[in-house]
Each structure stands twice: as structure tokens, then as C-alpha cells.
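Worksheet for the structure shown next.
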Amino acid sequence: MQRRDALRLLASLPVFAGFSTKALAEEWDSILEQAKGQTVYWHAWGGDPKINDFITWIGDTAMERHGVSLEHVKLASTADAVARVLAEQQAGQTTGGAVDLIWINGENFAAMKAQGLLFGPFAETLPNWPLVDTVGKPATVTDFTLPTGGYESPWAMAQLVFEYDTARLASPPTTLAALADWAIANPGRFTYPQPPDYLGTTFLKQVAYGVMADPTLLQSPVDEAAYDTQTAPLWAFLDRLHPALWREAKAFPQNEPALGQLLADGEVDIAFAFNPGRASAEIAAGTLPDTVRTFVLDGGTIGNASFVAIPFNAAHQAGAMVMANLILDPEVQARAQDPAILGFQTVLNIPALATEDRARFDALELGIATLSPADLGPVLLEPHASWMTRIAQDWAARYGVAQ
């Protein structure tokens, strides 16, 4: 999309009522000028080499286009960056913070917003913001039931998909009950990452959706008085399932890569991921056999968006905004969706893109294991963040085991 067209779209948004495209252009030019020469410290999970390579590519592109450097601070947990910003706030450090940009969502975003740790709102002022599909993909503006309010900018869509090897399993179970029955009939061939790993807790939330008498309760904060009764079916489901899991649930894979490795090694027959394109990307990389396919459960699977946010005291806020805007560039989004790179789903409204930008996505081969958008089925919204915290704590108390 041409800069002029993007600014025209931006000027049409209610938030910029009364602003001319010229004024918006001058404002953004000022940010670009401030950002030039800055080094943005992006604190992001560093557990996947493909994602690390992609972030390196974004840094190279930012330097080439805008003269902004990027340092990827690789995290084991987003909570580490949140804790650092909180410590700086408590020490009275209101400027010059160590964290410029955070890959974030869910309870970490809720915690930072509640404690006044975020800069903004900024997302809706980005020139590429009008390209985001906020209507068709409401998770781009709602993070675990909490409106983002412009305090974080989306960069990738995610939805839970299950992976299986057709060479070992001809017809996978497509309901939660059928999955449990299959696992019990095939002991040791299924497992899930150990909570509080995000994928492990996502599986627990998917189970909660499937077994709670009223799953709409998940969209509200936990009601402590009713919690035990509401979650009893979840624990009953897991109590029945666990003896049939890989290593009889005496050990669990640590995270998504570890679970994927079990599938690649033939130790389990069904795995799952939060990236619908992961299996195709791994097939392209030669780490999964080309007989692997994906499926979703009847009735839908949990989906959400990944975001970037800027701390209130970031040393390089202008550079961080430039980086957030670059991530929404159609070229960057199409590269992220390429299964040979990441296989992430885009946050953009593809039908509304300029012809040359739509062509970038049309040219992508999504891969033999990637479901079409129609086949992905309904997206179940993430529960309120309090559910993830409470269920993960109870899981550890009930089943906590060594890695």
C-alpha cells in the first residue's frame, strides 16, 4: 500500500476526526526522525529458531528502511520483562527503561495495563493500522476479553490445531470426548505441555470449553464461590485421561517445540500447536514427515492474537512505534504467513489490501498440512485471564510433576 493511501485511510478513522492527511504525515515524519539511529530492545520469547530468524530479518529491514536497529532480548517467559518494567516503576524510573517493545498478550497485558506500565494508546495512530482486520478478527482488539484500547498492536493470529501423522493414524478424533476415548485406547500416544506453559494451559482451557456446563462463564472473571463446582468436570476429564498419557503423566513435554519433537520422533501420534501453519513449516524444514496433517475439533478451537506493547518508560518509544508499524506492513505480514518462514496467520484484512499487496498473499502456498480459513472452523475466544492463572495454579497443586 502506498503511504498516501495509508494516511488517507488513517484520516478516515474516528480517532483522527479533524486531522488532515498532511497533518498525519507530518506527525509520523516526526516520529520517523526521532527513531532514526535508535536501537529498539524487543523482549520476545526466544524458544523457536524460526521466530528468532524472523525477528532478525525485521531488524535488518528496519535498519534498511528507517535507520532503526533492533536487538532481540530472548526471553524464556514474558513475565520476566513485565517484572523488569514493574521493578523500574517501583524504583521511580520513568524514562530510559531497559525494555522498548514486548511480545505480549493475555494475563501479562492485563497486569501491565492495570498497573500503568504501558505507553499509549499508540496502535491506532500507526500508518498501517487501517489495514488490520478488526471486524473479521476481533481478537486484534480484544485480548483475553480485555479491550486493547490501542495499548498494544497485533502482529500475528493464532488458533489451536491438532497435528497427526496419517501414516500412523488414518482418522483422528474430532471431538473432545472422542480424543479422550482414543487416548485411553492407545496409552502413551498423547500428551500436552506442562502448565504454566502457554500451550499446556491452552489445552486445559480447550477442555474447559468442552466440559463446563456453561462455557460462556469463561468470558467473565473467575467467581471464587462457584469455581470448584464449575471446574469439577475439567478435573474429572483430566483424572480419567492422565493414566493413558505419554509416560503415564509422570512427566510432560516442556513446551510446544518439545511436544512437536515427540510427534516427529514417533513417540506420540497426536500433538497440537497454536500456529495453524506450524506443521507445514516443519515439513518444509524437513523436521516432520510429509504425511503429517492438521485438524480441529468440532465446535471450534481457541484462537487469539499476538501483540507488541511499549512500556511507559521505554527509552526508545519512537523506534518502538516504527517497529510496530513495520510489523503490520503487508510485505512483513506475508513473509510471516509463508510456511517456509513461520506459517503465522496474518492480522490484516486481505480483501481490502491494494492489488499488489493481495498478490503477496495469493502467491503463498500455505502447505500441504495447513487447513484453509474455512476448514479452521469457529474461533473460540480466549477466556478471561483470571481463568488461566487459577487453573494453572490448581493443575500444579493437583498434578505437579518434574519436567
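Listed values, structure above:
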| quantity | calculated |
| --- | --- |
| Estimated 222 nm signal from helices in the chain, with DSSP H stretches of n ≥ 4 weighted -39500 (n - 2.57), rounded to 500 | -12500 deg cm²/dmol |
| Among Pro130, Pro311, Pro147: highest mean-square fluctuation, GNM of the chain, C-alpha pairs under 10 Å | Pro147 |
| For the stretch 192-307: rounded, prolate or oblate by the Cα gyration tensor [a/c cutoff 1.5] | prolate |
| Spin-label pair Trp57/Asp214, simplified geometry with 7 Å Cα→Cβ offset, distance in nm | 4.7 |
| Simple spin-label estimate for Asp298 and Thr39 in nanometres, 7 Å along Cα-Cβ | 5.6 |
| Beta bridges per DSSP with both ends in the chain, % antiparallel, nearest 5 | 60 |
| Listed residue (Phe252, Pro378, Ala397) projecting farthest to the positive dipole end of the chain, Cβ model | Ala397 |
| Shape call, the stretch 38-157: gyration tensor on alpha carbons, a/c limit 1.5 | rounded |
| Inter-centroid distance (Cα atoms) of the stretch 193-253 relative to the stretch 111-128, Å | 31 |
| Hits among lysines - C-alpha to C-alpha of Lys205 under 30 Å, sequence gap 8 or more where chains match | Lys50, Lys74, Lys113, Lys137, Lys250 |
| Sorted peptide list for 276-288, 314-326, 385-397, criterion being average Cβ within 10 angstrom, highest first | 314-326, 276-288, 385-397 |
| Two-site label geometry, Ala251 and Ala76: point separation in nm, points 7 Å out along Cα→Cβ | 1.8 |
| Cβ-defined net charge surrounding Asn275, 13 Å radius [Lys, Arg +1; Asp, Glu -1] | -3 |
| Sulfur and carbon atoms: percent of accessible area, the stretch 263-403 [1.4 Å] | 52 |
| Per residue value of the accessible surface for the stretch 208-315 (all protein chains in place, 1.4 Å probe), Å² | 37 |
| Cα-based shape type of the stretch 94-219, given that a ≥ b ≥ c are square roots of the gyration tensor eigenvalues and the cut on a/c is 1.5 | prolate |
| Sequence-distant residues sharing a close amide H with Val73 (under 5 Å, placed H) | Trp42, His43, Ala44 |
| Computed E for Gln393/Thr142 - FRET, C-beta separation, R0 30 angstrom, nearest 0.05 | 0.80 |
| Computed FRET value (nearest 0.05) for Glu64 with Thr287, which takes r as the C-beta separation and R₀ as 30 Å | 0.50 |
| Computed magnitude of the charge dipole of the chain (debye, nearest 20; Cβ of K, R +1, Cβ of D, E -1) | 160 |
| Label assignment, percent of Cα pairs over 30 Å apart derived from the structure, set (i) 34; (ii) 49; (iii) 42 | (iii) |
| Pairwise FRET efficiency - Arg358 versus Tyr227, Cβ, R0 = 45 Å, nearest 0.05 | 0.45 |
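The values are calculated or read from the model by the stated rules, or taken from the named source; none is laboratory data. This one's a predicted model, so the numbers in the text were calculated from it and none came from an experiment. Virtual Cβ from ideal backbone geometry, glycine too; neighbours counted across all protein chains shown. We work out accessible area using only protein heavy atoms, side chains counted, and drop any ligands, DNA or RNA first. Shrake-Rupley method; radii C 1.70, N 1.55, O 1.52, S 1.80 Å.
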